[in-house]
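K.L.:
I'd like to ask some things about the structure below.
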Amino acid sequence: MGEEGATTVFELLRPGRGLLLLAPGDEARREELRAAAAPWRDRVRIATAAGADAEAGPAALLVRPDGHVAWSDGTPDTAPGEDLTAALERWFGPAALRPPRPAAPREAAKVTPVTAPAREVRGGGTDRLAGRTALVTGSSRGMGRAAAIRLAEEGALVAVHYTSDGAAADEVVASVEKDGGRAFAIRAELGVPGDVESLFGALEADLLERTGSTDLHILVNNAGVMGGVGPADITPDQFDRIFAVNAKAPFFLIQRALRNMPDGGRIINISSGLTRFANPDEIAYAMSKGALEQLALHFAKALGPRGITINSVAPGITRNGNPVFDIPEAVEQMASLSAFNRVGEPEDVADVVAFLATDEARWITGSFVDATGGTLLG
Ligand code: NAP
C-alpha cells in the first residue's frame, strides 16, 4: 500500500474514516480521482494500492469506515470524478473543503548550492496538505510568516496569527492568495489572561465560514519573545512575561486545539538552538524554550493513540526583521557560527515545519529537530 505507509486496508480504515483506494495503473485517472476526493480529505483517506494484482481490478474503490465498498471506478461512460463525487456526498456528507488549487508550474530543477537560501521558488507546492487547516502563531513576520506561506503552498488553509502588526499579517494573506493559496488573518495577544479563548473564538468563526467545520489539523506554536537581559538584572515581571508567551501560551493553545484536531493532526513547536548553546543574556528565554521542548516529549505519549504527532524545531540565528541583519559585519560574525557559514533564512526553517506537517512525517513524534544549520558543531 502506498502514500500513507499502512500495509492493509484494515489499517488504513482504523482511524474510523473512509478510504479511497487507487490502483497503480492509470496515473492521469488517479490524479483526477484524487482531485475529486480532495474536499473530503478530512473524512476520507486517499491511498494507492501496490502490486501487480491491484492493477487487474477497478481503477479505484471507495470504502466506507465499516469496510463496505461504496463505489468502484471503471464505468467507461462515466465522467471523470462525477460518480465518485456523488458517492462521497452520499456516504460522507457535503464537501467541507474546497478542492485544492491547481498546482502552479514548477521552475526547471536547479542545483542549489548549500550556501544559498534553501527556497527561492514561490508557488511550487505539491498539495500534500490539501484539505487541511493550519494555525501558525506569530506569522505576521519572520519564520512564522515563511511557515504560513509554505503550508499554504502545500494546499492548507492557513490562519495567519499576529498581535500588533495587522498590516503585516494582511500582507502575508495577500502573498498567499497571489500564489493561489488560501489564508486569513486573526489577532490575539498571547501571554495575557483570556488569550487562548480570544484566539480560538476568532479562529473557529473563520474556519466555520470557510470550511463548514471548526477542524484544525495543524498547529504551529511559533510566536515567541526574547529577553536580552542577563541573569543578574532580569526582573520577576520580565521572567513571567517570557514564560507566559513562550511556554504557558503554547501549552494551553495545544490543550484547546485538541478539541478541534482530528486524529492524525500535527503540532509543531518552535524552540531555539539556545537550549543547546549557552548565552547568559538569554537565560530566561532559553529556560522557557526548554520548557516548550518538554511539551513534545510528554504530549507525544498522550497523543500517540490518536495518530497526532508533536515535535520541536530549534532554529539557530535566523534572519528576521531585526536591524542587526542589515549590518554586514554582524551578519558575517553570526554566519561563522554555522557549518554552512551563513545565517538561516526563514524559509530554511519553514521547510522543516512543512515536512513535519505532512503525512511523510507520520513516524516522527516527541522529537527535537535541530534546524540551526549546524551551529557550533565544534
Ligand atoms: P519575529 O520576527 O520576532 O516575530 C515574532 C512573531 O510573534 C510576530 O508575528 C509577532 O506578532 C508574534 N508575537 C510576539 N509576541 C506575541 C504575543 N505576545 N502574542 C501574540 N503574538 C506575538 O519572529 P522570529 O524571529 O521569526 O521567531 C519566531 C520563533 O522562532 C520565535 O518563537 C523565536 O523565539 C524562535 N527563534 C528565533 C530565532 C531567530 O534568530 N530569529 C532563533 C531561534 C528561535 P506581531 O508582529 O503582530 O507583533
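K.L.:
Counting pairwise Cα distances across segment 271-321, what percent come out greater than 14 angstrom? Show your work: numbers first, answer last.
P.N.:
Details: 728 of 1275 pairs.
Counting pairs separated by more than 14 Å, the tail of P(r) holds 57 percent.
K.L.:
Also, quick follow-up: For labels at LYS301 and ASP237 in the simple 7 Å Cα→Cβ model, what's the distance in nm?
P.N.:
Between LYS301 and ASP237, the label points sit 3.9 nm apart.
K.L.:
Quickly work out the ALA335-to-GLU89 label distance, labels modelled 7 Å from Cα along the C-beta direction, and quote it in nm with one decimal.
P.N.:
So the two model labels end up 5.7 nm from each other.
K.L.:
For LEU208 and VAL69 in one chain, what is 0.36 nm times their gap in residues minus the Cα-Cα distance, to one decimal in nm?
P.N.:
Values: separation 139, 0.36 × 139 = 50.04 nm, distance 3.05 nm.
Contour length minus the Cα-Cα distance gives 47.0 nm.
K.L.:
Here's another thing I want to ask about it. For segment 322-367, state the semi-axes of the equivalent ellipsoid (square roots of 5 times the eigenvalues of the alpha-carbon gyration tensor), sorted largest first and rounded to whole angstrom.
P.N.:
30, 11, 8
K.L.:
Compute the FRET efficiency between ILE327 and ASP281 as 1/(1 + (r/R0)^6), taking r as their Cβ-Cβ distance and R0 = 25 Å, and round to the nearest 0.05. Don't skip to the end; give the middle numbers.
P.N.:
Working: r = 18 Å, r/R0 = 0.72.
Once rounded, the FRET efficiency stands at 0.85.
K.L.:
Calculate the radius of gyration of the Cα atoms of segment 210-313 to one decimal place, then report Dmax, the largest Cα-Cα distance, as a whole number, both in Å.
P.N.:
Values for segment 210-313 (Cα only, Rg and Dmax): 15.3, 52 Å.
Throughout, read-outs are computed from the coordinates displayed, never taken from laboratory work. Because the structure is predicted, anything quoted here is derived from the model rather than measured. Cβ atoms come from the backbone with ideal geometry, glycine included; neighbour counts cover every protein chain shown.
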